[in-house]
Amino acid sequence: MQDRYDAVIVGGGAAGLSAALLLGRSRRHVLLCDGGLARNACADEMHGFLSRDGIQPGSFEKIARAQLEPYVTVHRQETTISDIKKLPKGFSIVLENGTTCFSDLVLLTTGMADALPRIDGLARSWGRSTFVCPYCDGWEVRDRAIAVSGDSARSGIDLAQELYGWTHDIVVCGQTEITADQAKWIERSKVRIESSPIHSIIDDDGRISAVELVGGRRISCEALFLSVPLHQRSDIAKRLGCAIGEHERIKTDDFNLTSVSGCFAAGDCVTSIHQVIVAAASGVRAAIAMNNELVQRDVKALMQSRA
Ligand SMILES: Cc1cc2nc3c(=O)[nH]c(=O)nc-3n(C[C@H](O)[C@H](O)[C@H](O)COP(=O)(O)OP(=O)(O)OC[C@H]3O[C@@H](n4cnc5c(N)ncnc54)[C@H](O)[C@@H]3O)c2cc1C
């Protein structure tokens, strides 16, 4: 590891890996640090990524990491970045082991974390038969029996209306309030409503066969879709003073620059559409903006140097 980089990337999911590839190809000195698992690491398969539909998330990242190897100016470390401070010029970055390095620019690709509700057995089925995103996993449960549960931001009925394109065999659990319009839709759609929330999941090695409601009633189903609140996986953006917007997203301009000069952000932590391919594209966009800023730095340095 060297002590000065053009850019440090915090987070090695799709957004961070893809930014590292672009910056490596631009011959920039980059440190990419990843401290853990990508958001979909729990899933058996990753869907909807052109040319990689159905790949295991771990295999996808393995390919991406291997493809970074020829780019010798990219250094990768499996470690958490514990702190970043803005300096008059650039940033100081502290790694988990206490090592400090310096960088002109920083890219936050730290992702979002799902605040899962308390349901017995949820951890076993999370990503295997309990899902959050119809676009990611709706096709796999088409025409099957599913249970659905909402949260304060999004009702179970809203989620059921979205999932109705994939299956009509839906039970919404924990739904206590129903508007007149929703009542009409429920009558026509034949979607069933249970007012009791889900207490536990009945599964075999993460494969759901039923959900048990508070009170003991069992609903047979093959999958559960949840709406869950999201929060920033890392508090580094907040500590750096980056403006945070609606739904806890880091605010950026059209070029992925945050409110802190020299600090960019990309991937799930800035967008409302949470898909691997969108995160990867967001990483590329940030990397191009960062390289443009480094080009300006290089032009200025050359102009100020002696002939
Ligand atoms: C159950 C489930 C299934 C999904 N299935 C699909 C699917 O089939 N298809 C699809 O397109 N999308 C799917 N998604 C969405 C997908 O996971 C995200 O859109 C994608 O992972 C976002 O990529 P990212 O790089 O922004 O963040 P992440 O993939 O979450 O990566 C962020 C990385 O940053 C690291 N990090 C955080 N803080 C620090 C720090 N301080 N220092 C160092 N590293 C740090 C984290 O450990 C993590 O590895 C699914 C999501 C869930 C929850």
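The values are calculated or read from the model by the stated rules, or taken from the named source; none is laboratory data. Every value quoted in this text rests on a predicted model; they were computed, and no experiment measured them. Because the Cβ atoms are built from the backbone with ideal geometry, glycine has one as well, and the counts that use them run over all protein chains shown. Remember, those area values only see protein heavy atoms, side chains included, never the ligands or the DNA or RNA. Shrake-Rupley method; radii C 1.70, N 1.55, O 1.52, S 1.80 Å.
Criterion first (touching a Pro at 6+ places or on another chain (Cβ under 9 Å), of a type in the set (A, V, I, L, M, F, W, C), more than 19 Å from ASP120 (Cα to Cα) and open to solvent by less than 10 Å² (accessible area, probe 1.4 Å)) does LEU159 satisfy it? Before you say what the answer is, go through the steps one by one.
On the way: touching a Pro at 6+ places or on another chain (Cβ under 9 Å): yes; of a type in the set (A, V, I, L, M, F, W, C): yes; more than 19 Å from ASP120 (Cα to Cα): yes; open to solvent by less than 10 Å² (accessible area, probe 1.4 Å): yes.
Criteria met by LEU159.
Exactly one residue out of VAL228, VAL211, VAL171 is outside any helix (DSSP H, G or I), under 16 Å from GLY138 (Cα atoms) and open to solvent by less than 40 Å² (accessible area, probe 1.4 Å), and it is VAL171. Among the residues of the stretch 78-94, is any touching a residue at least 24 places away in the same chain (Cβ under 8 Å) and in contact with a His (Cβ under 9 Å, 6 or more places away or on another chain)? Within the stretch 78-94, none of the residues are touching a residue at least 24 places away in the same chain (Cβ under 8 Å) and in contact with a His (Cβ under 9 Å, 6 or more places away or on another chain).
If you go through the stretch 132-144, how many residues are open to solvent by 20 Å² or more (accessible area, probe 1.4 Å) and either assigned to a strand (DSSP E or B) or more than 16 Å from HIS274 (Cβ to Cβ) (or both)? Quick ask: steps written out before the conclusion?
Here is the first cut: in the stretch 132-144, the ones open to solvent by 20 Å² or more (accessible area, probe 1.4 Å) are 132-133, 135-137, 139-140, 142-144.
This time we only want the ones that are either assigned to a strand (DSSP E or B) or more than 16 Å from HIS274 (Cβ to Cβ) (or both), so: 139-140, 142-144.
Adding up the residues that qualify gives 5.
Annotation: CYS101 fulfils all but one of (1) part of a loop (DSSP other than H, G, I, E, B); (2) within 14 Å of the ligand (Cβ to nearest atom); (3) crowded, with 16+ Cβ neighbours inside 10 Å; the unmet one is (1). Looking only at the stretch 184-202, decide whether some residue is farther than 30 Å from GLY36 by Cα and within 16 Å of the ligand (Cβ to nearest atom). For the stretch 184-202, residues farther than 30 Å from GLY36 by Cα and within 16 Å of the ligand (Cβ to nearest atom): absent.
VAL171 satisfies every condition listed in (1) at pLDDT below 95; (2) over 17 Å from VAL228 (Cα atoms) except (1). The residue list LYS62, LYS85 contains one member that is away from the ligand (no atom under 13 Å from the Cβ), open to solvent by 30 Å² or more (accessible area, probe 1.4 Å), among the charged types (D, E, K, R) and under 21 Å from the mean Cα position of the chain (by Cα), which is LYS62.
For ARG192, the conditions (1) out of contact with any helix residue (DSSP H, G or I) (no Cβ under 9 Å at 6 or more places or on another chain); (2) not assigned by TED's automatic domain parsing to the domain that holds LYS89 are fulfilled apart from (1). The residues of the stretch 1-44 that are more than 23 Å from SER261 (Cβ to Cβ), surrounded by fewer than 18 Cβ atoms within 10 Å (Cβ to Cβ) and more than 6 Å from the ligand (Cβ to nearest atom), listed by number, are MET1, GLN2, ARG25, ARG27, ALA41, ASP44. Determine if the stretch 288-301 includes at least one residue that is within 19 Å of ALA64 (Cβ to Cβ), out of contact with any strand residue (DSSP E or B) (no Cβ under 7 Å at 6 or more places or on another chain) and open to solvent by 50 Å² or more (accessible area, probe 1.4 Å). Checking the stretch 288-301: at least one residue is within 19 Å of ALA64 (Cβ to Cβ), out of contact with any strand residue (DSSP E or B) (no Cβ under 7 Å at 6 or more places or on another chain) and open to solvent by 50 Å² or more (accessible area, probe 1.4 Å). Restricting CYS269, CYS263 to residues that are over 18 Å from the mean Cα position of the chain (by Cα), at pLDDT 95 or above and outside the structural domain of ARG144 (by TED's automatic domain parsing) narrows the list to CYS263.
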